[in-house]
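Please treat every number below as a calculation from the coordinates, not as lab data. Just so it is clear, the structure is predicted and the values come from calculations on it, not from any experiment. Don't worry about glycine lacking a Cβ; one is built from the backbone with ideal geometry, like all the others, and counts go over all protein chains shown.
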Amino acid sequence: MMKITVIFILAVFLSLFIYRYYSRTLNDNKYIAVVDGEGITRQEYDKEVERVKKFYLWSKQDYNRIASISAQDILDHMIEDKIVAVYAKKKGIFVKPSETQERYNAIVGDNEKEYLEKLSAMYGTGKDDFLKKVEKDILSEKVQKLIGQSLKTWITEEKMNYKITIF
Amino acid sequence: MKTRYILFLIIFLSFFFLFPKNVHADQVTYTIPFATDYEGFSWVSTSCTGTCTQGWYDGDGNPADSVYAKVTAKNKVNQGHHKKGTLTWENMGVPAGATVTSVDGKFDVKNAQETHASTHAIGTYLYDSADTTNILTGGVALESDFNPTSASWATRDADAAKNVDSAYQASNTTVSIRIKENVASGNNNSAASDIRVDNVVLVINYTPAPSGPTKVVFTNAQRTLTAGTCNGDAYVLTIQLQNAGSTPTNPTGTTVINVTSNSPSETVYSDNGCSSSTNDFTFSTSENTKNVYIIDTRKSNPTWTLTATKTSGPDTITDGTQSITINAGNVSRLVLTLPGQSFTDGTGNSGSTTNRTAGSSFNITSISATDGYFNVNTGYSGSKTLVYSGPGNAPDSTPPSYTTSVSFTSGQSTTTLATTLYKAETTTVTVTDGGQYGYASSGVTVDPGILNNYEVVAATPQTAGICFTGTNNIKARDQWNNYRTADTSVVNMTTNGTAVTFYSSPGCSGSTTQYTMSSGQATMYIKTTKKQSGITVTATKDGGTETGTSSSITVNPGAAAAILVKLPGQSFTDGTGISGSPSFSGLRSPNATAGTSFSVDLKAVDTNNNLVDSGPNNYTGTKTMSFTDSVAGNAPDSTPPSFPGNPVTFTNGVADSLSITYYNAATGRTVEADDTATPVSGTASTTFIVQANSVNNYGVSASTPQTAGVAFNVTVTARDAWNNSLGSLYSAPAGTYVWTTTAGNAPDTTAPVIGTLIQGNFASGVATKSVTLYKAESGITFTAGEPSPSTVTGISGGVTVNPGSISADPNDSTVTGDASVSTNTNTTITITLKDTWRNPKANIPAADVILSATSLNEITQPSSPTDANGITSGQIRWSNTGEKIVQVTIQNSSLVQNDGSTPDADGKLDDTHTITVFFTAKVEIKGGTELRGGSLIGQ
């Protein structure tokens, strides 16, 4: 009986180890970074890299010269955005769709078509992507207002308080 | 006369009686009727042994209700008193300030029930407020105890007035009134007694306070004043102390009258100029009237009420009041009420303004025409053309927009006041009517609008290779170029420059492509290794189209860090440096030719190879250059290289076409120019080859010394004018060459052997001739020359030929001496040493020359080396006679056979010397020696 129990326990531990190993591998493949349990997927990251790359090419920059720097910058900012998002979630700060739409309207004004065409040329993005950017901007402004200091300064300090894993 | 006196006395007395003294005795009666209630009394029991009831009795009194105490059962008592302890003399009617001197008392009493005979005690008393100390003197009871027997109401008034203890005489003294009822029942089980009391009366004698005014009165006519204006003497307010008959009356003691208004904004003054503010007006005992001045800044609607109240003084004075009208003053302000505020007539604005957004239209809530105290002047009406000021133009010069044609009704604007401000600031708005009535509004903060562009400031000029200095930042702006100080956007950085890198930290560390706005701005850290001008940097909002570009930036070269040398055939590229291989012109092109000048260009560059041709580091003017670090070398004939003299003039980083001549033909040559004064280290040029110029002479050389009879080489080298060997560059011409020597024949007549010099002897510019000389001599030269008519020739240096080895041959080296010698007599042996060609061998050490001879001998070996003729000598003597052979052995020095080179086998000179030894003439024969044969020579 004793022997069976020991074997059972070992089997459980082995299963957990195998599960953890493989799940970790899966996570590593799926996420490029995790901020306090909130993941940044490689797909999101790659999309951002591609978006910014398109911008630099559109701007006639020597992208190869800055590609690695840009990629790091993008990841840094995605992590910072995630910190803001996590904090906002904890504090119950949200951006209403109407707020996003209002800001969007103010930005594009009466030239929505031209604006979106330019965005497409610059970044290869469309209205939905831009609305997400607008929403993120408003969220950042709200968090900054709540914390009462420069968001960048706050993030620099706040990073210490977050568990950030980069795969 | 007597009549006059009487009349005067009558008049005096009349006055005395008509105007009595203020101080006199007076009386007041205080009655407690218990008509409707217990009148604040309560029962204090001291003993109750039966069934006791007491209190206010409703339904029986004189005439109405009363108080009672009742007890039932046999021989029982109900003792105590009805007490009221909250009365002052003044409550009982004594005027304030009066002095109570005595009190008399009485009451109505009724024995309402007494079934069986008993004795009661009913009386009234006065105690202090604590109800512990009797306050009367001359008797304890106000009305002493009495045993009522009548079943009808009867008044009990037995005692005279009792004096009041001096401690309790003040009119405001609180006293306690006791109505004592000690009721007893008779000696019967059904006994019951009930005693009722009513109409308790206190007759209080007092001395009233001295008489003074009883009221204060505003004696002036009702005033209508203007807000904020002192009424002055023209509209003076007068307060007067009067008695009840409205006669001006001086106070009996110093009295203060406080004058106030129910206006929230009045100030009371005592002087007609309204400079000494006070609400208190002090009256001495000799005055009863005061002037009161006032400034009230709040208009009334319709009036305010002035009140004069006594605040101190002995007299009882009732307040005086008067209405006063305050009208608004002339319009002096146009008061703007902004969103978030509300305007109240007479008060102005309240509430905080709410922030506006640049470029967003809003309505000013109202404009009110008021006096200097926010009192609306209702007379300000009609259409007005207003002018606004305060808010500034936006940074892009857009001016604020206002509604200037405004209608007013009763001092209030009625037009919608549409307004748009464009400058982000905290400011006030002032509006005027024809330049009048301007009054700054409350501060209003205009927030910037949404992000529209970036201001990108980059200081210029900058220096290549150095992190940009000065102010280099990005500021987020709205459509009107207001700074968005709360902006958090991220910008992507681009540039039209070359090799421009953005960094995230001071000192240009941590390269980046993005900046994040912090408080609406970000500092750029930029560096480029490239000198350039007209570059700009651009910030574009990540994910957006908002952008901003700096003005043109010039990047100057850094300080000169190196002097580059551009050789002929090479290229210099600004920012890159020297490239390409050197290519010299001249005889040895593409190599340099010794003795042929070439031009170099010197380029002063910074650490990034930018030509230092501009900016503060511009390398220009005269410079002191040193070429000593060049790899040049002197020519074989010691001719040094030729470099440009100092100073060298640079123009915008360049000193071109400097002539240099190298004379030393060699590989691995460089030119390096160092600025020793600035200093700036030079960078060695690309290495190059200097080749010999055309043939100019022969270098003829042979080592020296040589040995007679031993062949040695003499080389003939084709050289240029500076003795650089031409090597393979030399092409020997055909023809008969000059090839001679100054060497002579040997002593044995053997002639030198030098051969002939021919074209084919030359290989790579050098001909090597093997020669053999036989005569030992010095200063021998060899002369070589190209075939005529060439002048290319050369003479070697002097060569010394030493003799060869000692020759053992008797024809060369000899041993000579006398043919005979006497015994025991030294004879000199001469040794002459020569080589094969009979060149004397001088300086052969004495020790190398060993004499030997047939015995019996005694040899003195040579003691000195051979002389210039190869001669040395020794001595031998023999002690016996006979023919003797002398031989010479050579040790250490080489001894050869007649061929000049083969070592001699026995080490002895082949030549010997034969000598005959004779007895000397003085031979002594001692003993028995027998001489036989022969003869004695020389005796």
Counting only C-alpha contacts under 8 Å and six or more residues apart, can you give the relative contact order of the range A:33-166 as a whole percent?
39
If you split all Cα-Cα distances of the range B:230-293 into 10 Å bins from zero, what percentages do you get per bin, shortest first?
22, 48, 27, 3
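Please identify the trypsin sites (Lys or Arg not before Pro) of the range A:29-67 that satisfy two criteria: DSSP loop assignment and at most 12 other Cβ atoms within 10 Å. Which are they?
A:LYS60
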Amide H neighbours of B:THR512 at under 5 Å, excluding residues fewer than 5 places away on the same chain, with H built from the backbone geometry, are B:PHE502, B:TYR503, B:SER504
Treating cross-link reach as a plain straight distance, find the lysines whose alpha-carbon is under 25 Å from the alpha-carbon of B:LYS834, omitting any fewer than eight places away in the same chain.
B:LYS775, B:LYS884, B:LYS908
Calculate the translational D of chain B in whole µm² s⁻¹ from Stokes-Einstein, where the hydrodynamic radius comes from the Kirkwood formula applied to all Cα pairs, the temperature is 25 °C and the viscosity 0.890 mPa s.
52
Test item: A:65-77 mean partner chain Cβ contacts at 10 Å
5
Can you compute the modelled spin-label distance between B:THR51 and B:SER893, with each label point 7 Å from Cα toward Cβ, in nm?
18.9
Exposed GluC sites (Glu not before Pro) being those in a DSSP loop with at most 11 other Cβ atoms within 10 Å, the longest stretch of chain B free of them is B:1-923
Run the numbers for B:THR628 and B:ILE758: contour at 0.36 nm per residue of separation, minus the present Cα-Cα distance, in nm.
42.5 nm
Multiply the residue separation of B:ASN843 and B:SER405 by 0.36 nm, subtract the distance between their alpha-carbon atoms, and state the gained length in nm to one decimal.
143.9 nm
Nearest 10 degrees is fine. How inclined is helix B:2-18 to the longest principal axis of chain B, computing both from alpha carbons?
60
Size of the protein assembly as shown along its principal axes in angstrom, Cα-based, largest extent first?
235, 120, 102
Distance between modelled label sites at A:GLU114 and B:SER778, nm, 7 Å Cα→Cβ extension:
10.7
Whole-Hz ³J(HN,Hα) for each residue in the range B:837-847, computed from phi via Karplus 6.51 cos²θ - 1.76 cosθ + 1.60 with θ = phi - 60°, x for glycine and proline: what do you get?
9, 6, 7, x, 9, 7, 6, 6, x, 4, 5
Note to self, chain B gives a 222 nm [θ] from helices alone (DSSP H runs n ≥ 4, -39500 (n - 2.57) apiece, / all residues, nearest 500) of -500 deg cm²/dmol
Three principal axis extents, largest first, for the C-alpha atoms of the range A:64-167, in Å?
43, 39, 22
For B:LYS180, counting only lysines whose alpha-carbon sits under 27 Å away and dropping same-chain residues fewer than eight positions off, the answer is B:LYS70, B:LYS74, B:LYS76, B:LYS83, B:LYS84, B:LYS106, B:LYS110, B:LYS162
Got the relative contact order for chain B handy, in percent, Cα pairs under 8 Å and 6 or more residues apart?
5
Please enumerate, by chain and number, the aspartates and glutamates with C-alpha under 13 Å from the C-alpha of B:LYS475, excluding those fewer than 8 residues away in the same chain.
B:GLU455, B:ASP487, B:GLU546
What list of ³J(HN,Hα) couplings, whole Hz, do you get for the range B:453-461 from phi and the Karplus terms 6.51, -1.76, 1.60, once you set θ to phi - 60° and write x for glycine and proline?
7, 10, 8, 10, 10, 10, 5, 9, x
How much length is gained on full extension from B:THR214 to B:ASN646, taking 0.36 nm per residue of separation minus their Cα-Cα distance?
143.6 nm
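Test of understanding: express the Cα radius of gyration of the range B:267-343 as a ratio to 2.2 N^0.38 Å, with N the residue count.
Rounded to two decimals, the normalised Rg is 1.53.
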Two pseudo-spin positions, 7 Å from Cα along C-beta at B:ALA64 and at B:THR445, lie apart in nanometres by 7.1
List the pairs from A:LYS60/B:LYS541; B:LYS769/B:LYS841; A:LYS132/B:LYS527 whose alpha-carbon separation is above 23 Å, in the order I gave them.
B:LYS769/B:LYS841; A:LYS132/B:LYS527
